[in-house]
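Everything below concerns the one structure shown next.
The values are calculated or read from the model by the stated rules, or taken from the named source; none is laboratory data. What you see is a predicted model, and the numbers here were worked out from it, not measured in a lab. Every residue, glycine among them, receives a Cβ derived from its backbone with ideal geometry; neighbour counts consider all protein chains shown.
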Amino acid sequence: MKEKDLKLQRIIHDTIIETRRPLLFMSNELVNDDEIIGSYSATPITYRYARRGDRRGKYIESELVDSSLEYNNDGSLSETIYSIYKNDSSGKLYAVKDESIKYISDYAKTNELIKIVQKQGYKVYQTNEAYYENYYFIKSKTCEIKLDNWTFNEMKKNTSYITSLDNYQIKLKSLVQQTVLHSKNLDKFLGLYRIQKSKMSTANINAWKNATTQAQKLNDQLSKLGEQYAGNYSFTPFDQMTGLRRHFTDNLGASKGILSM
């Protein structure tokens, strides 16, 4: 996310001396990245920002006003609702626009994740995929990995997630390389069929069926292995081997269709 999306402001406490009424204000000071990391608890009251003071003295300019109080809003109170969150570690309070909560959560997770992968020796780099959002990446042995919520959750479950992902890609590549011989074998029988059609010998048909059965076993292994990271779009293999896989599955599908298997 870009810094402009991080609309988080520290809360300042004050008191009106004459009445001893406590006040809440939003600080204009910038909040640094390290300060926002951690878990938060929501406070039960939401607030509006006072653009100017109330003529009846109910609130003063720049004060945060309890949104549940039925003031006649003559334009002096903001339409925007602010929630107050307490950092569970520091005890500090922050005002956050409701629409900014997700941005803040994602931003904090990203910064925590960056520190985790840097400790593991990975170099973090940034790209601008769209005008409104930045992404951070690392390169492992086999993949480019996006440092997003999915990767954050995986790293929290398993600190060796990146190593496991590399091992998975190595195993997958080994299986895909095995498709080459199967593809050539099926190519041979498909070529014979295009020439001979119904005149193919029983021996060739049986050999073709056996080759198709063996290819299907390999395809089943590939499918089962693929389930391990199904739905995870947060990494891109350097070698996707799509050409080999497509050739193999096309030949397997054609063979099964002709042989009614």
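Just one of the listed residues (SER164, SER201, SER174) is within 20 Å of ILE138 (Cβ to Cβ) and either touching a Cys at 6+ places or on another chain (Cβ under 8 Å) or not charged (D, E, K, R) (or both), and it is SER164.
Close contacts from region 240-261, counting a first residue that is touching a residue at least 12 places away in the same chain (Cβ under 8 Å) and at positive phi and a second that is part of a helix (DSSP H, G or I) and among the hydrophobic types (A, V, I, L, M, F, W, C), with Cβ to Cβ under 9 Å and a gap of 6+ residues or different chains, come to MET241/LEU172; MET241/VAL176.
Taking ILE101 as the residue in question, decide whether it is surrounded by 11 or more Cβ atoms within 10 Å (Cβ to Cβ), part of a loop (DSSP other than H, G, I, E, B) and either of a type in the set (A, V, I, L, M) or assigned by TED's automatic domain parsing to the domain that holds THR151 (or both). Give the derivation first.
Values: surrounded by 11 or more Cβ atoms within 10 Å (Cβ to Cβ): yes; part of a loop (DSSP other than H, G, I, E, B): no; either of a type in the set (A, V, I, L, M) or assigned by TED's automatic domain parsing to the domain that holds THR151 (or both): yes.
Considered against the rule, which asks whether it is surrounded by 11 or more Cβ atoms within 10 Å (Cβ to Cβ), part of a loop (DSSP other than H, G, I, E, B) and either of a type in the set (A, V, I, L, M) or assigned by TED's automatic domain parsing to the domain that holds THR151 (or both), ILE101 comes out as no.
Collect the residues in region 76-129 that are polar (S, T, N, Q) and in contact with a Ser or Thr (Cβ under 9 Å, 6 or more places away or on another chain), keeping them in residue-number order. Those that are polar (S, T, N, Q) and in contact with a Ser or Thr (Cβ under 9 Å, 6 or more places away or on another chain): SER83, ASN87, SER89, GLN120. Evaluation of LEU186 against the conditions (1) within 16 Å of the chain's Cα centre (by Cα); (2) aliphatic (A, V, I, L, M); (3) assigned to a helix (DSSP H, G or I); (4) buried (at least 19 other Cβ atoms within 10 Å of the Cβ) shows that the sole unmet condition is (1). In region 216-234, is there at least one residue being out of contact with any Lys or Arg (no Cβ under 6 Å at 6 or more places or on another chain), aliphatic (A, V, I, L, M) and not in a helix (DSSP H, G or I)? So far as region 216-234 goes, yes, one or more of its residues are out of contact with any Lys or Arg (no Cβ under 6 Å at 6 or more places or on another chain), aliphatic (A, V, I, L, M) and not in a helix (DSSP H, G or I).
Is it the case that some residue within region 143-152 is aliphatic (A, V, I, L, M), buried (at least 18 other Cβ atoms within 10 Å of the Cβ) and either under 33 Å from the mean Cα position of the chain (by Cα) or not assigned by TED's automatic domain parsing to the domain that holds LEU252 (or both)? The answer is yes, given that some residue of region 143-152 is aliphatic (A, V, I, L, M), buried (at least 18 other Cβ atoms within 10 Å of the Cβ) and either under 33 Å from the mean Cα position of the chain (by Cα) or not assigned by TED's automatic domain parsing to the domain that holds LEU252 (or both).
Only one entry of TYR47, TYR85 meets the criterion of being outside any loop (DSSP other than H, G, I, E, B), under 28 Å from GLU154 (Cβ atoms), in contact (Cβ under 8 Å) with a residue 40 or more places away in the chain and under 37 Å from the mean Cα position of the chain (by Cα), and that entry is TYR85.
Limited to region 156-194, what total is found for residues that are within 30 Å of LYS109 (Cβ to Cβ) and either free of Cβ contacts under 8 Å to residues at least 40 places away in the same chain or among the polar types (S, T, N, Q) (or both)? Walk me through how you get there before you give the answer.
From region 156-194, those within 30 Å of LYS109 (Cβ to Cβ) are 156-172; that's our starting set.
Add one more test, that the residue is either free of Cβ contacts under 8 Å to residues at least 40 places away in the same chain or among the polar types (S, T, N, Q) (or both), and what stays is 156-161, 163-164, 166-167, 169-170.
Qualifying residue count, region 156-194: 12.
Specify which of the listed residues (ASN232, ASN219) is touching a residue at least 60 places away in the same chain (Cβ under 8 Å) and either surrounded by 13 or more Cβ atoms within 10 Å (Cβ to Cβ) or under 23 Å from the mean Cα position of the chain (by Cα) (or both).
Details: ASN219 fails: touching a residue at least 60 places away in the same chain (Cβ under 8 Å).
Of the residues listed, the single one that is touching a residue at least 60 places away in the same chain (Cβ under 8 Å) and either surrounded by 13 or more Cβ atoms within 10 Å (Cβ to Cβ) or under 23 Å from the mean Cα position of the chain (by Cα) (or both) is ASN232.
For LYS197, indicate whether it is without any contact (Cβ under 8 Å) to a residue 60 or more places away in the chain, under 30 Å from SER100 (Cβ atoms), among the charged types (D, E, K, R) and surrounded by fewer than 16 Cβ atoms within 10 Å (Cβ to Cβ). Considered against the rule, which asks whether it is without any contact (Cβ under 8 Å) to a residue 60 or more places away in the chain, under 30 Å from SER100 (Cβ atoms), among the charged types (D, E, K, R) and surrounded by fewer than 16 Cβ atoms within 10 Å (Cβ to Cβ), LYS197 comes out as no.
Kindly indicate whether any position in region 121-140 is β-branched (Val, Ile, Thr), in contact (Cβ under 8 Å) with a residue 40 or more places away in the chain and buried (at least 19 other Cβ atoms within 10 Å of the Cβ). Among the residues of region 121-140, not one is β-branched (Val, Ile, Thr), in contact (Cβ under 8 Å) with a residue 40 or more places away in the chain and buried (at least 19 other Cβ atoms within 10 Å of the Cβ), which makes the answer no.
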